[in-house]
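The values are calculated or read from the model by the stated rules, or taken from the named source; none is laboratory data. All values reported here derive from a predicted model rather than from experimental measurement. Ideal geometry is used to build each Cβ from the backbone, glycine not excepted, and the neighbour counts take in all protein chains shown. Keep in mind that these areas ignore ligands, DNA and RNA; they rest on the heavy atoms of the full protein, side chains included. Shrake-Rupley method; radii C 1.70, N 1.55, O 1.52, S 1.80 Å.
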2 protein chains.
Amino acid sequence: MDDRWFRGTLHELSPEECLVLLADKQVGRMAYSDEAGPVILPVNYAVENQSILFRTSAASSMAMHLRDRTVAFEVDDVDEVTESGWSVLVRGTATFVQPAGGADDHTLPTPWPQGSRNLLIRITPHLVTGRRLLAG
Amino acid sequence: MDDRWFRGTLHELSPEECLVLLADKQVGRMAYSDEAGPVILPVNYAVENQSILFRTSAASSMAMHLRDRTVAFEVDDVDEVTESGWSVLVRGTATFVQPAGGADDHTLPTPWPQGSRNLLIRITPHLVTGRRLLAG
């Protein structure tokens, strides 16, 4: 099954490296569970004091299933030409941030799509891990 | 909080469009749950008869937590310059494929990293959904 001569090598990233990479992107992916199992959805996010901030609608399925739950948040960068890249995984607890508190305006994430997303959610990390795949 | 004049519009994708987009990529993201909650990890994958095939090591945490479970698999494409993109979400059941059965050799996914990944896993979809974000 392994028919190529040169394949990449995986290297663990330090938490510090993960935070630098997290600060460099605008879109990550949230995983949470609803009644039917896990879901993954892309979100625009911002990083503030090592926690992840993103916005959703209070009426969204995500809002109904995230509050005070353990979630996963992933950011990655993939190069299909060189077959290399990196990924960072944040595991933590999602909490609703009250309006006018908890987050500075300049760190608020700005969703790309139209529509009201006035619920601000913070993921406070329990564990931040990452891997870099160097080209073979 | 919404300080830009032009923001993108979200459009639902048909299942047929989702399958075309799935066939076009090499890396997706698996979400499953272990004892501590959800996890998201990137994997190389292939599409066969509308199901998702990927490989892992039989000793991996993923292998230990996926068998016959409901999982989520996500593929996306994001353009940070135009603030547009698409995402496809496959929700389904993960089953272990026995060696020498169930998948044609030419549809086997080839992992980019080094290392033995001899466990072939199939995700049989219950639901395939997707969205395209058109630039504002």
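Give me the pairs: first residue in segment A:14-33 and facing chain B (nearest Cβ under 9 Å) and under 28 Å from B:Val71 (Cβ atoms), second residue outside any loop (DSSP other than H, G, I, E, B) and open to solvent by 40 Å² or more (accessible area, probe 1.4 Å), beta-carbon distance under 6 Å, and six or more apart or on different chains, which are they?
Hits for this filter: A:Val27/B:Val78; A:Met30/A:Leu41.
Per-residue answers, yes or no, for (1) in contact (Cβ under 8 Å) with a residue 24 or more places away in the chain; (2) farther than 21 Å from A:Asn44 by Cβ; (3) of a type in the set (Lys, Arg):
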| residue | (1), (2), (3) |
| --- | --- |
| B:Ser57 | yes, yes, no |
| B:Arg67 | yes, yes, yes |
| B:Val78 | no, no, no |
| B:Val81 | no, no, no |
| B:Phe96 | yes, yes, no |
| B:Gly115 | yes, yes, no |
| B:Asn118 | yes, yes, no |
| B:Arg132 | yes, no, yes |
| B:Ala135 | yes, no, no |
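Give the number of residues within segment A:109-136 that are in a loop (DSSP other than H, G, I, E, B) and either in contact with a Gly (Cβ under 9 Å, 6 or more places away or on another chain) or crowded, with 18+ Cβ neighbours inside 10 Å (or both). Spell out how you get there, then give the answer.
Within segment A:109-136, the subset in a loop (DSSP other than H, G, I, E, B) is A:109-112, A:114-118, A:135-136.
After this cut, where a residue has to be either in contact with a Gly (Cβ under 9 Å, 6 or more places away or on another chain) or crowded, with 18+ Cβ neighbours inside 10 Å (or both) as well, the list is A:109, A:111-112, A:114, A:117, A:135-136.
Looking only at that region, the number is 7.
Which numbered condition trips up A:Cys18, out of (1) within 13 Å of the chain's Cα centre (by Cα); (2) within 18 Å of B:Val39 (Cα to Cα); (3) open to solvent by 70 Å² or more (accessible area, probe 1.4 Å)?
With respect to (1) within 13 Å of the chain's Cα centre (by Cα); (2) within 18 Å of B:Val39 (Cα to Cα); (3) open to solvent by 70 Å² or more (accessible area, probe 1.4 Å), A:Cys18 is out only on (3).
Looking at (1) more than 8 Å from chain B (Cβ to nearest Cβ); (2) open to solvent by 40 Å² or more (accessible area, probe 1.4 Å); (3) not β-branched (Val, Ile, Thr), which is the one condition that is false for A:Leu10?
Result: A:Leu10 passes all but (1).
Does B:Val78 fit the bill of being at the interface with chain A (Cβ under 7 Å from one of its Cβ atoms) and out of contact with any Lys or Arg (no Cβ under 8 Å at 6 or more places or on another chain)? Before the answer, list the steps.
Details: at the interface with chain A (Cβ under 7 Å from one of its Cβ atoms): yes; out of contact with any Lys or Arg (no Cβ under 8 Å at 6 or more places or on another chain): yes.
Criteria met by B:Val78.
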